[in-house]
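Below: the structure, in structure tokens.
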Amino acid sequence: MFHQTSRLLHLFLFTLQVTNIAQVTCIEISTLIACGQQEPKPLFIGFESFMEGFVDWFQSHGAHLDTSAVGIFTFPLSEGGRGAVALKDIPEGHTLFSIPRNMTLSTRTSQLPERFGLNAWQKAGLHKGWTGLILCMMWEQANGSSSRWQGYLDTLPNKFDTPMFWGEDDLAELKGTSVVEKLGKADAELDYTTKLVPAVKSRSDLFPPDDLLTHYTLDMYHIMGSRILSRSFVVEKWNGDEDEDDDAAGNVGNTSLGSAMDVDDRDQGQGSEHAEEEEEDGDDEDVDDSSDVAMVPMADLLNARYQTENAKLFYEKDVLKMVSTKPIKSGEQIWNTYGDLPNAELLRRYGHVDILPLPSGESGNPGDVVEIKADLIVAVLSSNEQAAKGDQAKERIDWWLEEGGEDIFMLDYDFDLPPAMVSFTKLMLLPAKEWEKVQEKSKPPKPKLGGILYDIMISAIEARISEYETTLEADKASLSDSLPLNKRQALIVRIGEKDILHGHLKNLKSLKEADSDQQKGGSNKRKADSSNTSSKGKKSRR
């Protein structure tokens with residue numbers, strides 16, 4: 001599943017329905033030449049037969065693809081390699097494909113947890129996070145043709161352009177962004193050495209020693225983790241399944257990092273009527289049950305783009321269905337969604353960035369955000385005499401967090417400061433008596449800007465800008481299509497974030513100036529009113 005702008009008919013290979021098997025064929029080369037486009041090339045020799053085999057596998061296991069409406073096609077590798085396109089006009093509510101629940105790959109559907117022993121599985125910590133699913137995928141792949149998912153696993157990428165696989169020089173280009181610290185590479189490798197390796201070595205009957213250096217390596221662990229991060233869905237149990245026995249992961253795990261997409265409920269027997277979409281914030285939040293994280297064949301072939309979704313995956317009791325959420329014209333790409341993520345997250349998860357028109361007339365990702373940590377606010381306040389310090393500051397921070405306050409504030413292209421950021425700053429500035437009142441009422445200060453808050457917010461944003469090693473102007477001057485891909489995409493991430501920070505800075509200075517002018521105007525008016533009142537009084541005394 002990749003996230004890039006479509007080039008429609010100039011780049012893809014149509015899928016035509018032939019004997020109920022999707023066979024890939026090129027559109028006319030003369031059409032491409034007339035459009036000034038280069039001749040498209042398969043991802044590799046034999047791509048057509050490769051995808052035929054996948055579609056054949058898909059449909060032979062009880063799944064269904066509407067091959068009259070949906071085509072699998074190729075993009076350049078830089079744009080995801082492949083995706084889906086409408087072969088005819090598709091109305092809203094049309095089922096594009098369906099897949100039985102037992103064809104999704106998760107710790108619920110793989111036989112490995114049961115064969116390993118459910119108690120031993122939990123004792124090894126494999127019910128928490130993604131380690132269990134990674135091991136299941138490794139095991140299924142190692143089993144080759146014995147695995148019911150071989151036809152699917154063979155289609156998954158073995159190489160990623162995500163920062164997880166970048167060298168130190170490329171990672172240095174992301175300094176100042178939140179990408180590097182969110183990679184979680186050290187934590188992942190700790191899980192590999194403390195959970196997965198001991199589990200594998202403890203069961204040579206399931207994991208032959210000869211496979212350890214091929215199918216259960218650290219490199220393969222990162223590849224499987226990246227497959228999950230970029231392609232997984234959250235597939236919750238059907239509501240009627242509570243009376244069934246819990247399997248592999250049970251209800252214990254609640255530490256999964258989250259997954260790329262969500263799936264919507266669909267009330268039984270309602271046809272094309274969709275239940276309301278679940279709320280999705282795009283963050284790597286823990287799912288309620290890590291066994292909900294699943295790989296869904298065919299669904300992960302669809303690409304995504306900012307606010308372009310025209311299809312979504314819905315689940316019913318026994319089947320998942322990809323359904324069009326709006327009319328799709330013939331030749332249009334079929335887009336799924338995993339939320340309108342900022343470029344920093346798109347790069348971290350998928351190895352791509354979005355470049356779309358911005359309201360300012362420039363290009364970038366309208367969904368970009370910049371994170372400002374509460375720690376930075378505290379650091380800026382360290383030189384302010386009014387701000388709480390030491391244990392007093394810690395007491396207020398602990399209270400803020402216990403009350404559900406945020407410790408990371410998101411700035412975006414609206415250029416309105418997050419109310420929580422203002423409220424937290426005011427909390428740290430309160431006199432002792434006001435702080436006591438806040439505690440009694442359990443209500444944080446109102447997020448109203450004014451006075452010294454302008455200077456503090458400006459200083460905080462300037463401090464955040466200083467975390468980048470280059471200026472916005474230098475980054476924009478350096479941006480070029482000829483740059484190496486990793487450096488170019490890192491530049492795009494930095495530029496988007498700095499645009500937001502500079503926009504907030506400009507807006508704050510304007511608000512401060514306007515507020516100052518208003519206060520001066522009010523002061524002059526009060527002086528004038530006072531003068532008029534005094535004058536009238538003198539007249540009356542005469």
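The values are calculated or read from the model by the stated rules, or taken from the named source; none is laboratory data. Quantities reported herein were computed from a predicted structural model and do not represent experimental measurements. Note that we place each Cβ from the backbone using ideal geometry, even for glycine, and neighbour counts take in every protein chain shown. The area values use the complete protein model at the heavy-atom level, side chains included, leaving out ligands, DNA and RNA. Shrake-Rupley method; radii C 1.70, N 1.55, O 1.52, S 1.80 Å.
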Query raised in the report: Taking interchain pairs and intrachain pairs at least six residues apart, which have beta carbon atoms under 9 angstrom, with the first residue in the stretch 225-242 and over 15 Å from TYR338 (Cα atoms) and of a type in the set (S, T, N, Q) and the second modelled with pLDDT under 90 and not in a loop (DSSP other than H, G, I, E, B)?
Result: ASN239/ASP265
Report summary line: Taking the stretch 71-90 and keeping only residues that are of a type outside the set (Gly, Ala, Ser) and either open to solvent by 20 Å² or more (accessible area, probe 1.4 Å) or modelled with pLDDT under 95 (or both), one is left with ILE72, PHE73, THR74, PHE75, PRO76, LEU77, GLU79, ARG82, VAL85, LEU87, LYS88, ASP89
Requested in this report: Report whether or not ALA514 is modelled with pLDDT of 95 or more and either part of a helix (DSSP H, G or I) or open to solvent by 80 Å² or more (accessible area, probe 1.4 Å) (or both).
Outcome: no
Report summary line: ALA393 fails exactly one of (1) assigned to a loop (DSSP other than H, G, I, E, B); (2) over 23 Å from HIS502 (Cα atoms); (3) small (Gly, Ala, Ser), namely (1)
Query raised in the report: Can you tell me how many residues in the stretch 398-449 are aliphatic (A, V, I, L, M), within 16 Å of LEU376 (Cα to Cα) and open to solvent by less than 50 Å² (accessible area, probe 1.4 Å)?
Result: 8
Query raised in the report: Looking at the stretch 280-293, is at least one residue at pLDDT below 50 and under 25 Å from LEU153 (Cβ atoms)?
Result: yes
Report task. Check the stretch 415-423 and report whether any residue there is part of a helix (DSSP H, G or I), over 30 Å from LEU356 (Cα atoms) and of a type in the set (A, V, I, L, M). Result -> yes
Report summary line: The number of residues in the stretch 348-359 that are open to solvent by 40 Å² or more (accessible area, probe 1.4 Å) and touching a residue at least 60 places away in the same chain (Cβ under 8 Å) is 1
Report task. Can you confirm whether the stretch 218-227 contains a residue that is among the aliphatic types (A, V, I, L, M), modelled with pLDDT under 95 and assigned to a helix (DSSP H, G or I)? Result -> no
Query raised in the report: Does MET410 meet the test of being on the phi < 0 side of the Ramachandran plot, in a helix (DSSP H, G or I) and at pLDDT 95 or above?
Result: no
**Report entry** Filter result for the condition that a residue is modelled with pLDDT of 95 or more and among the hydroxyl-bearing types (Ser, Thr, Tyr), over SER530, SER478, SER535
**Finding:** SER478
Query raised in the report: When you look at THR131, is it under 17 Å from HIS61 (Cβ atoms) and under 26 Å from the mean Cα position of the chain (by Cα), yes or no?
Result: no
Query raised in the report: Scanning the stretch 460-492 for residues that are in contact with a His (Cβ under 9 Å, 6 or more places away or on another chain) and not β-branched (Val, Ile, Thr), which turns out farthest from LEU411 (Cα to Cα)?
Result: GLN489
Report task. Look at the stretch 313-334 and say how many of its residues are under 18 Å from SER232 (Cα atoms) and either of a type in the set (Gly, Ala, Ser) or free of Cβ contacts under 8 Å to residues at least 40 places away in the same chain (or both). Result -> 0
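Report, by residue number, each residue of the stretch 473-508 that is more than 26 Å from PHE165 (Cα to Cα) and either surrounded by 14 or more Cβ atoms within 10 Å (Cβ to Cβ) or aliphatic (A, V, I, L, M) (or both). Walk me through how you get there before you give the answer.
Taking the stretch 473-508 first, the residues more than 26 Å from PHE165 (Cα to Cα) are 473-474, 477, 499-508.
Once the filter is applied, which keeps residues that are more than 26 Å from PHE165 (Cα to Cα) and either surrounded by 14 or more Cβ atoms within 10 Å (Cβ to Cβ) or aliphatic (A, V, I, L, M) (or both), the stretch 473-508 yields ALA474, ALA477, ASP499, ILE500, LEU501, HIS502, GLY503, HIS504, LEU505, ASN507, LEU508.
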Query raised in the report: Across the stretch 370-388, which residue is least open to solvent (accessible area, probe 1.4 Å) among those that are part of a loop (DSSP other than H, G, I, E, B) and of a type outside the set (Gly, Ala, Ser)?
Result: ASN384
Query - Selected residue (only one of GLY53, GLY117 is more than 28 Å from the chain's Cα centre (by Cα), modelled with pLDDT of 90 or more, of a type outside the set (A, V, I, L, M, F, W, C) and under 28 Å from SER146 (Cα atoms)) - result: GLY117
Report task. Go through the stretch 342-369 and give me each residue that's in contact with a Ser or Thr (Cβ under 6 Å, 6 or more places away or on another chain) and in a helix (DSSP H, G or I). Result -> ALA344, ARG349, TYR350
Requested in this report: With respect to GLU332, determine if the residue is open to solvent by 10 Å² or more (accessible area, probe 1.4 Å), of a type outside the set (S, T, N, Q) and over 30 Å from ARG148 (Cα atoms).
Outcome: yes
Report summary line: Filtering the stretch 457-494 down to residues that are under 29 Å from LEU381 (Cβ atoms) and in contact with a Gly (Cβ under 9 Å, 6 or more places away or on another chain) yields ARG464, ILE465, SER466, GLU467, TYR468, GLU469, THR470, ARG494
**Report entry** In the stretch 463-491, the residues that are hydroxyl-bearing (Ser, Thr, Tyr) and either over 17 Å from ALA172 (Cβ atoms) or in contact with a Phe, Trp or Tyr (Cβ under 6 Å, 6 or more places away or on another chain) (or both)
**Finding:** SER480, SER482
